[in-house]
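The values are calculated or read from the model by the stated rules, or taken from the named source; none is laboratory data. As the structure is a computational prediction, the values presented were derived from the model and not from experiment. We place every Cβ from the backbone using ideal geometry, glycine too, and count neighbours over all the protein chains shown. Quick note on the areas: whole protein, heavy atoms, side chains included, nothing else; ligands and nucleic acids left out. Shrake-Rupley method; radii C 1.70, N 1.55, O 1.52, S 1.80 Å.
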Amino acid sequence: MEIPSKYEPQKVEERWYQYWEKNDFFTSTVDDREPYTIVIPPPNVTGVLHMGHMLNNTIQDVLIRKARLEGKNACWVPGMDHASIATEAKVVAKLKEEGISKSDLTRDEFLKHAWAWTDEYGGVILQQLRKLGASCDWKRTKFTMDDDMSASVIKVFVDLYNKGLIYRGHRMVNWDPEAKTTLSDEEVIYEEKQGLLYYLAYEIEGSDEKVTIATTRPETILGDTAICINPNDDRYAHLKGKRAIVPICNRIIPIIEDEYVDVEFGTGCLKVTPAHDENDKNLGEKHHLDIIDIFNDDASLNSYGLHYKNKDRFLVRKEIAKELEEKGFLVKTEQYTNKVGTSERTKAIIEPRLSDQWFLKMEDLAKPALEAVIDTEEVKLFPEKFKNTYRHWMENIRDWNISRQLWWGQQIPAYYYGDGQDDFVVAETMEQALELAQSKNPEVQQSDLQQDSDVLDTWFSSWLWPISVFGGILEPENPEVNYYYPTNDLVTAPDILFFWVARMIVAGYEFRGERPYENVYLTGLVRDKQRRKMSKSLGNSPDALKLIEDFGADGVRVGLLLSSAAGNDLLFDEVLCQQGANFANKIWNAFRLVKGWEVADFDQPQAAKIGLEWYSARFQQVLSEVEDHFSKYRISDALMAMYKLVWDDFCSWLLEIVKPAYQQPIDKKSLDAVIQLFEQNLKLLHPFMPFLTEEVWQHIKERDVKNALCVADWPRKEEYDEKIIEQFEYATGVISGIRTIRKEKNIPNKDTLQLRELTTSDTSARLDAIIMKLGNIEEIETVGSTVDGALSFRVKSNEYFIPIGEAIDIEAEIQKINEELEYTRGFLKSVHKKLSNERFVNNAPAKVVELERKKAADAEAKIQTLEKSLASLQ
């Protein structure tokens, strides 16, 4: 094949992806090899590729491709989450555009629209992941609403209900008035918001006295059913047993006593609204108070809102405050910072609301999952700092509200057949439900059964993901789940550590009796250069596909990983993608250089022989470092080690060492060795840069399908010569010294030089051939004393001299050194003057003073070197 002059990722990437897919390189079936399994964190079916997906899936692909090269049976299961709240919101919005209201449709009609929307728009992200190079087993693609996946969810619900772990309860829940559904505690994000504290006066029945209470929500007074005082608060002792009148609605309510009231907060007098506050609900139950719910499901006020009926809660807050002020009930307002719960999905402010909901008891279920991470470390978190967060959550776990007031999702398999509180059964099918219902009441007919209209929380399906994708719920002993489960690694973001990661661990121990995965790699969040979280509203999230188009998939993958450390937020900058693209070009140009050499049959030069020995050892050293980084999930560090190996050691040093002279051929032995080492580099880089490395690999020589790089062998660790690495590092210091003198004295590289070596420590002549080639040195000679009339430099404790002969103008050099000496002495004098100023030394920051002292020391060392150089020339 002709080698193009430029690497053009746009022409290369689709061709190789199709080649890999066509040849089933990503397909995994049960066999005798060691399995390596990753399940993808299923993106929302509504989703499109963003920077977080790019980072997360790049890391997964690196791990899976490395495992594939290591000869493991690599299985990466892709899929999507049905995302109840997000998808239903999208479908409702689409219907609204078409003039259709959800309330005008039956459940089945709405679900037809939802499936049509999913079929048309869903799954875009999976196509986009191919552009990134994700080597998933696409034949295994799962969707959390697939028939078998839904059947798994229903089976688990019934199982947990029968174990007494799922129950129905009338509880205070988190209500999202925009999505019109409940949320679990974990789906509520608390944000500090600036608001007002309203001081309101309530009249005491039968007297002119008033009592003042403080509230942040004056609209909720319309749901007040008591005022509460602390029995130990002498200020209000005279109010015991009396009643108060709620402003505006004129409801007469009791004044009750409870030590729950904080005498220090506000006025020490508390309004009690049991329908709209968890603590007030508890007081209401204790004191048998009425419960008055003033809100509709969209958080507008209902008929208890009187003349505010059907108005939004925040509009009512403004209007009722004005009415209270006009009628003399508003005593004063104060600025107040309050923690307000918001919906993680819709961002709407949450309303506490009493409702019949389904809950899962979590306390006992959580114990094995807590032990697995904290005590036995059967499941390891990377980085470890997240263990404390995990422990806190799991030790303070509350029952999980698993019902949602939506239609898109798995419908709760509870069937009602009467008006009594216990007139329901839980079963996997209608037929089983009828059988159970008739065992309770023989008169029940199938037409009497009404299935619960709620669906299950989306997380209640995705917590089964590592088991259900292999059919492990419906067929617990099937060959697939027994082979692939437990999986190896999970790569995800820390913000779903509890939502998903912890719950999967709970499910793993409950339904399989073992962990779902061994390691959890928690990536950082992708932020912009100003450390802001990327979001559409800020407009700071780049178009992921445009980045791939501009820099190539490999460039973007490298750019993301060079800036990402485990668990630390990634400060993304497009410059990093350019760096990745530059790296791809560097490798491509190195390949073109090597393939451009003519080859001849002659003895291998000593410099090439030693250089190749050194690089072979260096490669093994870096391979060990890379393996160590991978074992600790330091994926960025692994890439950086390879980056330096290829850019610095291979391109900048080895290729220069073996490169033949201008228009001269290279010996066959050296060329073969260079190409073999190039192939080793490509294997190491392939998980990070799959497209570029496959393209170069296939250009090196013609290969059949089974010898593609995608399914090649990972480099094997071997013993290596540590001494030669140390010697080479020393030799590079000598070469750099020679090059510096050439540059400073304008001595052309084509002019040969002599090198004299005055050694006080043992140096090996083993690398002299390399020094001579790269420094264009005619001869290296060891001397016993300093050399007059020579330029010198030092490497560690050894001194080197280059006799200058006629190579430079001595008079001009002496003048140049004198000028530099004069300048440096003047500079040193100014620094000494500053350091002799006691005010400066005593008042300036320690770092600043230390910097000045370092400047002085550096100047003194430079003067000493210049004086020695001057002495050798005179």
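Just wondering, is there one or more residues in the range 165-187 that are modelled with pLDDT of 90 or more, over 25 Å from residue 353 (Cα atoms) and among the basic types (Lys, Arg)?
no
Restricting the range 154-211 to residues that are under 34 Å from the mean Cα position of the chain (by Cα) and of a type in the set (Ser, Thr, Tyr), which is nearest to residue 266 (Cα to Cα)?
Ranking the qualifying residues of the range 154-211, first place goes to 190.
Of the residues that make up the range 778-791, is at least one under 22 Å from residue 607 (Cα atoms), in contact with a Gly (Cβ under 8 Å, 6 or more places away or on another chain) and open to solvent by less than 80 Å² (accessible area, probe 1.4 Å)? Let's see the steps before the verdict.
First pass over the range 778-791, keeping only residues under 22 Å from residue 607 (Cα atoms): 778-782.
From the residues that got through so far, the ones that are in contact with a Gly (Cβ under 8 Å, 6 or more places away or on another chain) too are none.
Checking the range 778-791: not a single residue is under 22 Å from residue 607 (Cα atoms), in contact with a Gly (Cβ under 8 Å, 6 or more places away or on another chain) and open to solvent by less than 80 Å² (accessible area, probe 1.4 Å).
Any residue at all in the range 144-153 that's within 35 Å of the chain's Cα centre (by Cα), within 30 Å of residue 15 (Cβ to Cβ) and loosely packed, with under 15 Cβ neighbours inside 10 Å? Please lay out each step first, then the result.
Keep residues of the range 144-153 that are within 35 Å of the chain's Cα centre (by Cα), which gives 144-153.
With the extra rule that they be within 30 Å of residue 15 (Cβ to Cβ), the set shrinks to none.
No: the range 144-153 contains no residue that is within 35 Å of the chain's Cα centre (by Cα), within 30 Å of residue 15 (Cβ to Cβ) and loosely packed, with under 15 Cβ neighbours inside 10 Å.
Here is a yes/no grid of residues against (1) touching a His at 6+ places or on another chain (Cβ under 8 Å); (2) within 29 Å of residue 192 (Cβ to Cβ); (3) aromatic (Phe, Trp, Tyr):
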site	(1), (2), (3)
328	no, no, no
333	no, yes, no
339	no, yes, no
349	no, yes, no
356	yes, no, no
363	no, no, no
372	no, no, no
380	no, no, no
389	no, yes, no
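Can you say whether residue 515 is surrounded by 17 or more Cβ atoms within 10 Å (Cβ to Cβ) and not in a helix (DSSP H, G or I), as far as the supplied structure shows?
On the way: surrounded by 17 or more Cβ atoms within 10 Å (Cβ to Cβ): yes; not in a helix (DSSP H, G or I): yes.
For residue 515, the condition - surrounded by 17 or more Cβ atoms within 10 Å (Cβ to Cβ) and not in a helix (DSSP H, G or I) - is met.
For the structure I just gave you, tell me whether residue 768 is over 30 Å from residue 628 (Cα atoms), in a loop (DSSP other than H, G, I, E, B) and open to solvent by less than 70 Å² (accessible area, probe 1.4 Å).
Working: over 30 Å from residue 628 (Cα atoms): yes; in a loop (DSSP other than H, G, I, E, B): no; open to solvent by less than 70 Å² (accessible area, probe 1.4 Å): yes.
So residue 768 does not fit the description; no.
Output yes when any residue across the range 401-414 is within 16 Å of residue 508 (Cβ to Cβ) and either surrounded by fewer than 18 Cβ atoms within 10 Å (Cβ to Cβ) or of a type outside the set (Lys, Arg) (or both), and no when none is. Walk me through it before giving the result.
As a first pass, look at the range 401-414 and keep what is within 16 Å of residue 508 (Cβ to Cβ): none.
Among the residues of the range 401-414, not one is within 16 Å of residue 508 (Cβ to Cβ) and either surrounded by fewer than 18 Cβ atoms within 10 Å (Cβ to Cβ) or of a type outside the set (Lys, Arg) (or both), which makes the answer no.
Give just the number: which of (1) out of contact with any helix residue (DSSP H, G or I) (no Cβ under 6 Å at 6 or more places or on another chain); (2) at pLDDT 95 or above does residue 385 not satisfy?
If we test residue 385 against (1) out of contact with any helix residue (DSSP H, G or I) (no Cβ under 6 Å at 6 or more places or on another chain); (2) at pLDDT 95 or above, just (2) comes out false.
Assess whether residue 450 counts as being open to solvent by less than 40 Å² (accessible area, probe 1.4 Å), in contact with a strand residue (DSSP E or B) (Cβ under 6 Å, 6 or more places away or on another chain) and among the polar types (S, T, N, Q). Explain how you work it out, then say what you get.
Working: open to solvent by less than 40 Å² (accessible area, probe 1.4 Å): no; in contact with a strand residue (DSSP E or B) (Cβ under 6 Å, 6 or more places away or on another chain): yes; among the polar types (S, T, N, Q): yes.
It is false that residue 450 is open to solvent by less than 40 Å² (accessible area, probe 1.4 Å), in contact with a strand residue (DSSP E or B) (Cβ under 6 Å, 6 or more places away or on another chain) and among the polar types (S, T, N, Q).
From the list 506, 520, 491, pick out the single residue that is outside any strand (DSSP E or B) and modelled with pLDDT of 95 or more.
Going through 506, 520, 491 in turn, just one is outside any strand (DSSP E or B) and modelled with pLDDT of 95 or more: 506.
Going by the conditions given, is residue 157 over 23 Å from residue 473 (Cβ atoms), part of a helix (DSSP H, G or I) and not polar (S, T, N, Q)?
On the way: over 23 Å from residue 473 (Cβ atoms): no; part of a helix (DSSP H, G or I): yes; not polar (S, T, N, Q): yes.
Against the criterion (over 23 Å from residue 473 (Cβ atoms), part of a helix (DSSP H, G or I) and not polar (S, T, N, Q)), residue 157 does not qualify.
Mind listing just one residue for me: the one in the range 724-741 that is in contact with a strand residue (DSSP E or B) (Cβ under 8 Å, 6 or more places away or on another chain) and not small (Gly, Ala, Ser) and, of those, nearest to residue 777 (Cα to Cα)?
Per the stated criteria, the residue is 738.
Name the residue that is nearest to the chain's Cα centre (by Cα), counting only residues in the range 704-724 that are open to solvent by 20 Å² or more (accessible area, probe 1.4 Å), under 30 Å from residue 800 (Cβ atoms) and not hydroxyl-bearing (Ser, Thr, Tyr).
722
Would it be correct to say that residue 136 is touching a Phe, Trp or Tyr at 6+ places or on another chain (Cβ under 7 Å) and assigned to a loop (DSSP other than H, G, I, E, B)?
Working: touching a Phe, Trp or Tyr at 6+ places or on another chain (Cβ under 7 Å): yes; assigned to a loop (DSSP other than H, G, I, E, B): yes.
Spelling it out, residue 136 is indeed touching a Phe, Trp or Tyr at 6+ places or on another chain (Cβ under 7 Å) and assigned to a loop (DSSP other than H, G, I, E, B).
Please work out which one of (1) under 39 Å from the mean Cα position of the chain (by Cα); (2) surrounded by 11 or more Cβ atoms within 10 Å (Cβ to Cβ); (3) in a helix (DSSP H, G or I) is the condition residue 687 fails and give its number.
Going through (1) under 39 Å from the mean Cα position of the chain (by Cα); (2) surrounded by 11 or more Cβ atoms within 10 Å (Cβ to Cβ); (3) in a helix (DSSP H, G or I) one by one, residue 687 breaks only (3).
What do you reckon, is residue 676 open to solvent by 40 Å² or more (accessible area, probe 1.4 Å) and either of a type outside the set (Asp, Glu) or at pLDDT below 95 (or both)? Before the answer, list the steps.
Numbers: open to solvent by 40 Å² or more (accessible area, probe 1.4 Å): yes; either of a type outside the set (Asp, Glu) or at pLDDT below 95 (or both): yes.
In short, yes.
Going by what's in this entry, would residue 550 be described as touching a residue at least 12 places away in the same chain (Cβ under 8 Å) and not in a helix (DSSP H, G or I)?
Working: touching a residue at least 12 places away in the same chain (Cβ under 8 Å): yes; not in a helix (DSSP H, G or I): no.
The answer is no for residue 550.
Testing residue 436 on (1) in contact (Cβ under 8 Å) with a residue 60 or more places away in the chain; (2) surrounded by fewer than 22 Cβ atoms within 10 Å (Cβ to Cβ), one condition comes back false. Which one is that?
With respect to (1) in contact (Cβ under 8 Å) with a residue 60 or more places away in the chain; (2) surrounded by fewer than 22 Cβ atoms within 10 Å (Cβ to Cβ), residue 436 is out only on (1).
Please determine whether any residue of the range 767-780 is at pLDDT below 90 and either more than 30 Å from residue 731 (Cβ to Cβ) or not charged (D, E, K, R) (or both).
So the first thing to find is which residues in the range 767-780 are at pLDDT below 90, and the list is none.
Within the range 767-780, not a single residue is at pLDDT below 90 and either more than 30 Å from residue 731 (Cβ to Cβ) or not charged (D, E, K, R) (or both).
Just need a number here: residues in the range 553-579 that are free of Cβ contacts under 8 Å to residues at least 40 places away in the same chain and crowded, with 17+ Cβ neighbours inside 10 Å. Break it down stepwise before answering.
Initially, the range 553-579 is screened for residues free of Cβ contacts under 8 Å to residues at least 40 places away in the same chain, giving 559, 574-579.
Subset that is crowded, with 17+ Cβ neighbours inside 10 Å: 559, 576-577, 579.
Qualifying residue count for the region: 4.
How many of the residues in the range 608-628 are open to solvent by less than 10 Å² (accessible area, probe 1.4 Å) and either farther than 22 Å from residue 686 by Cα or aliphatic (A, V, I, L, M) (or both)?
So the answer is 8.
Open to solvent by less than 10 Å² (accessible area, probe 1.4 Å), out of contact with any Phe, Trp or Tyr (no Cβ under 7 Å at 6 or more places or on another chain) and either without any contact (Cβ under 8 Å) to a residue 12 or more places away in the chain or over 30 Å from residue 244 (Cα atoms) (or both), is that true of residue 176? Steps first, please.
Values: open to solvent by less than 10 Å² (accessible area, probe 1.4 Å): yes; out of contact with any Phe, Trp or Tyr (no Cβ under 7 Å at 6 or more places or on another chain): yes; either without any contact (Cβ under 8 Å) to a residue 12 or more places away in the chain or over 30 Å from residue 244 (Cα atoms) (or both): yes.
In short, yes.
When only residues in the range 127-140 that are open to solvent by 30 Å² or more (accessible area, probe 1.4 Å) and within 22 Å of residue 15 (Cα to Cα) count, which is farthest from the chain's Cα centre (by Cα)? Walk me through it before giving the result.
Step one: filter the range 127-140 for residues open to solvent by 30 Å² or more (accessible area, probe 1.4 Å), giving 127, 130-131, 138-140.
Filter once more, keeping what is within 22 Å of residue 15 (Cα to Cα): 127, 130-131, 138-139.
On the way: 127: 21, 130: 19, 131: 20, 138: 23, 139: 26 Å.
Of everything passing the filter in the range 127-140, 139 is farthest from the chain's Cα centre (by Cα).
Only one of 644, 595, 632 is out of contact with any strand residue (DSSP E or B) (no Cβ under 8 Å at 6 or more places or on another chain) and at pLDDT below 95. Can you tell me which? Spell out how you get there, then give the answer.
Values: 644 fails: at pLDDT below 95; 632 fails: out of contact with any strand residue (DSSP E or B) (no Cβ under 8 Å at 6 or more places or on another chain).
Only one candidate passes the filter, namely 595.
If you take just the helices (runs of 4 or more DSSP H) that sit entirely in the range 355-443, which of them hold at least 2 residues that are touching a strand residue (DSSP E or B) at 6+ places or on another chain (Cβ under 8 Å)? Show your work before the answer.
Numbers: elements: 363-374, 386-395, 430-440.
Answer list for the range 355-443: 386-395, 430-440.
Using the structure shown, decide if residue 368 is surrounded by 15 or more Cβ atoms within 10 Å (Cβ to Cβ), within 30 Å of residue 496 (Cβ to Cβ) and in contact with a His (Cβ under 7 Å, 6 or more places away or on another chain).
When the stated conditions are applied, residue 368 does not pass them.
Can you tell me which residues in the range 319-363 are open to solvent by 40 Å² or more (accessible area, probe 1.4 Å) and more than 36 Å from the chain's Cα centre (by Cα)?
Matches in the range 319-363: 319, 322, 325, 326, 327, 328, 331, 332, 333, 334, 335, 356.
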